[in-house]
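Have a look at the structure below before the remarks.
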Amino acid sequence: MTADVTTDSHDIAVTVNGTQYRRTVEARLLLSDFLRHELLLAGTHVGCEHGVCGACTVIFDGVAVRSCLMLAAQTDGHTVMTVEGLASDRDHLHPLQQSMHDCHGLQCGYCTPGILMTMKVFLDETPAPNEAQIREALSGNLCRCTGYQHIVDAMMLAAERLRG
């Protein structure tokens, strides 16, 4: 990462959803804003901007992180996956996405991308979770529309589908 003292910017090379991007970013640019405004990946939603709601969760080098708490400059040399990177194409949803659809696990959908990214990492690490484990994994993702039961059901179904 090279810093330009006159503009306080950084040159970065980051791989997002399998594509490498090279950009010059302002030092204080949040990762969430970089994804949404620079790369036009609007699936990453911004809710509280304090890392509490989970709507902006992305996967950074295999770890679920709040993109509103990271700077774009911190991604230099790293890999990021957003919700847009889950499905192979529009006609073939990822099992997490298909399960949310099949179990009616979303209402307004604002929290859904963050939930999907959180659960992707969780299910990669815990392929056969029980309901209590899923609820614990979801505890950092807030949804104002549902009582979470349909989301939990969707994650149980997704885990089953991912196991084959």
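Condition check ((1) touching a strand residue (DSSP E or B) at 6+ places or on another chain (Cβ under 9 Å); (2) part of a helix (DSSP H, G or I); (3) among the β-branched types (V, I, T)) across all residues:
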residue	(1), (2), (3)
S99	no, yes, no
H104	no, no, no
C108	no, no, no
P113	yes, yes, no
L123	no, yes, no
D153	no, yes, no
Checking P127 against (1) farther than 20 Å from L40 by Cα; (2) surrounded by 14 or more Cβ atoms within 10 Å (Cβ to Cβ); (3) in contact (Cβ under 8 Å) with a residue 12 or more places away in the chain; (4) not charged (D, E, K, R), which single condition isn't satisfied?
(2)
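Take the residues of segment 136-151 that are in a helix (DSSP H, G or I) and in contact (Cβ under 8 Å) with a residue 40 or more places away in the chain: which is surrounded by the fewest Cβ atoms within 10 Å (Cβ to Cβ)?
Across segment 136-151, the extreme among qualifying residues is H150.
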Can we say Q133 is within 30 Å of D8 (Cα to Cα), part of a helix (DSSP H, G or I) and either touching a helix residue (DSSP H, G or I) at 6+ places or on another chain (Cβ under 7 Å) or not small (G, A, S) (or both)?
no
When the residues of segment 88-115 are narrowed to those that are closer than 17 Å to G18 by Cα and at pLDDT below 95, which ends up surrounded by the most Cβ atoms within 10 Å (Cβ to Cβ)?
S88
Could you tell me whether any residue of segment 15-36 is closer than 23 Å to S139 by Cβ, modelled with pLDDT of 95 or more and either surrounded by fewer than 22 Cβ atoms within 10 Å (Cβ to Cβ) or not basic (K, R) (or both)?
yes
Any idea which of C111, C53 is touching a residue at least 40 places away in the same chain (Cβ under 8 Å), outside the structural domain of M155 (by TED's automatic domain parsing) and closer than 22 Å to A158 by Cβ?
C53
Can you name the residue in segment 61-86 that is in contact (Cβ under 8 Å) with a residue 60 or more places away in the chain and among the β-branched types (V, I, T) and, of all such residues, is nearest to K120 (Cα to Cα)?
T82
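The values are calculated or read from the model by the stated rules, or taken from the named source; none is laboratory data. The structure presented is a predicted model; accordingly, all values stated were derived computationally and were not measured. All Cβ positions, glycine included, derive from the backbone under ideal geometry; neighbour counts span all protein chains shown.
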